[in-house]
1. How long are the semi-axes of the equivalent ellipsoid of region 79-139, taking √(5λ) for every eigenvalue λ of the Cα gyration tensor, in whole Å from largest down?
2. Using a 7 Å offset from the Cα along the Cα-to-Cβ direction at both Lys264 and Lys149, what is the distance between the two label points in nm, to one decimal?
3. Taking trypsin sites (Lys or Arg not before Pro) as candidate sites, keep only those in a DSSP loop with at most 12 other Cβ atoms within 10 Å, then name the longest stretch of the chain containing none of them.
4. Would you mind getting the Kirkwood hydrodynamic radius of region 44-93 from its Cα pairs, rounded to one decimal in Å?
5. For the chain, modelled as a GNM with alpha-carbon contacts under 10 angstrom, which of Ala25, Ala200, Ala223 fluctuates the most?
6. Just to be sure I understand the model, the point goes 7 Å from the Cα along the line to the Cβ. What's the resulting Met196 to Arg5 distance in nm?
7. Could you give the distance between the Cα centres of region 116-183 and region 1-60, to the whole Å?
8. Let me know the whole percent of all Cα-Cα pairs from region 92-212 that are separated by more than 24 Å.
Amino acid sequence: MAINRIMVIGAGQMGGGIAQVAAEAGLQVVLNDIDKGVIDQRLAFIGGLLDKKVAKERISADEKQAILARLIPSTDLKDAADVDFIVEAATEKMALKEKIFRSLDEVARPGVILASNTSSLPITELAAVTGRPELVIGMHFMNPVPVMKLVEVIRGIATSDATYAAVKELSEKMGKVPVEVNDYPGFIANRLLMPMINEAIYCIYEGVADAESIDTVMKLGMAHPMGPLALADFIGLDTCLAIMEVLYEGFADSKYRPCPLLRKMVKAGWLGKKSGKGFFDYSG
């Protein structure tokens, strides 16, 4: 099945980014969210990003209008009946994603692939709530989507070779570099990244050093473009904790135990950049 018209579910930061790069690649994109206001805000934000590209002469004003015209707002999952491919980028909660996938399985045409942008939740488990497990796959984009080249393509236990091949081709069409990953907790990116962040938090918890010192060591000593604690603030400490919980539960291994300080900060509402305070202060 040719993929020309896709649906992106969730108009937040990740879903909006996926929608943008897909539209820039020439695909028609049905951008779905339960909140029309969120869609309008995202479309306005994308328009602003495209304006910057026009100013830098990376695209023309006509190309900008053509890209925006390919973005179609939707607040009804029944609109999935008219698309060739679906990628879900809703909140990282298994119960919510399962509900969405059950609905999509009923509405989407036979043969349409159902992908999830989940960063850590099991694809095999999501696939099991549908009648098309061979057509369910993970498509984990990195944040910010328009900038980062990587897409982890995660194969559940039932994902077919044809499904993987189609998603690999679609990823490349969208200007991304797909990496094939099997379905284990955290996949590759978060299985490596989150324990590093968690260990950095333990360094504060145990009084080894302050946040600035820890990030400086990783930036200047290991050539990381951003320190792990600043990165945690950017991702959101609640998201970091949720992924560590998935790793801890999935492997039943104490090396993935979330740091108590991370739990305390999340309970305090210190979630990082989005709340104005995390390991660093963003209130100014």
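Read-outs throughout are calculated quantities, based only on the coordinates presented, and are distinct from any laboratory measurement. Keep in mind it's a predicted model, so treat the numbers as computed, not measured. Using ideal geometry, Cβ is built from the backbone for each residue, glycine included, and neighbour counts are taken over all protein chains shown.
1. Details: eigenvalues 57, 26, 22 Å².
Output for region 79-139: semi-axes of 17, 11, 10 Å.
2. 4.2
3. Numbers: sites that count: Lys56, Arg58, Lys93, Lys149.
Value returned for the longest uninterrupted segment is 150-284.
4. On the way: mean 1/r = 0.0759 Å⁻¹.
Mean inverse Cα-Cα distance, inverted, gives 13.2 Å.
5. Ala223
6. So the two model labels end up 4.2 nm from each other.
7. A separation of 19 Å, based on Cα centres.
8. Values: 2473 of 7260 pairs.
Counting pairs separated by more than 24 Å, the tail of P(r) holds 34 percent.
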